[in-house]
Amino acid sequence: GVRVVISDAQNFEGVYEAISMIGSLTGKTEEADSLIADMRMGFDDIAQKAQASEKTVYFEVSPLQWGLWTAGKGTFMDEIATMMGLTNCFSDVEGWGEISQEQVIERNPDYIVTISMYYGEGPTPVEEILGREGWGELTAVKNNAVLNLADNELSRPAPRLLDGAKALYDFVTAE
């Protein structure tokens, strides 16, 4: 007898639909509409400022110790890369997919974005990536172009995607 609502947003439109649905279910339709409008405006602002480039980005959604996983085509991470004029190194992967170190090395990304959490012990996620055996010749590693974002800023279908997109935009344009 318990009502359950499920949202499986995989892209921006899905996120907007989920926010709208939650707003409707909680009686906060105006707030949801306002939030969606703010997100659309923020993403549009980034897209208008972004410059098309031939640079590539690799999104590491699971670190090496747990098996490498990335965000491919049809994900909001891929949408964010495209919006910024970047090419997702793994846009040939559908959705979220497991990949190998060899694939990352072969594709030689200009930027690496990790959402690995850091618990205060050992190397940070960025230090761990920069120190990986065999990764020293990657463009992103040589240029120290590795960004660690809080996982809910770029991996969860929620309003904080805009925060992650802004942080990535700032990182990419700071070069």
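The values are calculated or read from the model by the stated rules, or taken from the named source; none is laboratory data. In this text the structure is predicted, and so the values were computed from the model without any measurement. Every residue, glycine among them, receives a Cβ derived from its backbone with ideal geometry; neighbour counts consider all protein chains shown. Calculation scope for accessible area: heavy atoms of the full protein, side chains included, ligands and nucleic acids excluded. Shrake-Rupley method; radii C 1.70, N 1.55, O 1.52, S 1.80 Å.
Below is a table of values for the structure above.
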item: Surface/4 estimate of mean projected area, convex hull on alpha-carbon atoms of the stretch 89-147, nm²; result: 4.4
item: Aspartates and glutamates with Cα under 20 Å of LYS49, excluding same-chain neighbours fewer than 8 positions away; result: ASP38, ASP78, GLU79, ASP110, ASP163, ASP170, GLU175
item: Positive minus negative residues near VAL146 (Lys, Arg vs Asp, Glu; Cβ under 10 Å); result: -3
item: Spin-label proximity, ARG3 to the stretch 14-28 - amide N less than 17 Å from point 7 Å beyond Cα toward beta carbon; result: 18-28
item: Cβ-derived FRET efficiency at R0 30 Å, GLN48 paired with ARG156, nearest 0.05; result: 0.75
item: Stretchable slack from TYR118 to GLU102, in nm (0.36 nm times residue separation minus alpha-carbon distance); result: 3.3 nm
item: Ellipticity estimate at 222 nm from DSSP helix runs (n ≥ 4, -39,500 (n - 2.57)) divided over the chain, nearest 500; result: -12500 deg cm²/dmol
item: Dipole in debye (nearest 20) - the chain, about Cα centre, beta carbon charges: Lys, Arg +1; Asp, Glu -1; result: 200
item: Options (i) 49, 38, 27; (ii) 52, 46, 22; (iii) 53, 42, 32 - which one matches Cα extents along the principal axes in Å as calculated here; result: (iii)
item: C-alpha long axis of helix 12-25 to longest principal axis of the chain, angle in °; result: 40
item: Probe 1.4 Å, accessible area per residue of the chain, Å²; result: 55
item: Heavy-atom SASA rank of LYS142, LYS55, LYS28 (probe 1.4 Å, accessible area, largest first); result: LYS142, LYS28, LYS55
item: Cβ-based net charge around ILE105, under 15 Å, with every Lys or Arg adding one and every Asp or Glu removing one; result: -3
item: Members of LYS28/LYS73; LYS73/LYS142; LYS28/LYS55 lying beyond 30 Å, as alpha-carbon distances in this model show; result: LYS28/LYS73; LYS28/LYS55
item: Cα gyration tensor shape of the stretch 48-134, rounded if a/c is under 1.5, else prolate or oblate by comparing a/b with b/c; result: prolate
item: Residue-span extension gain [THR139 to ASP33] - 0.36 nm each, minus C-alpha spacing; result: 34.0 nm
item: Whether the stretch 134-175 is rounded, prolate or oblate, judged on the alpha carbon gyration tensor where a/c under 1.5 counts as rounded; result: oblate
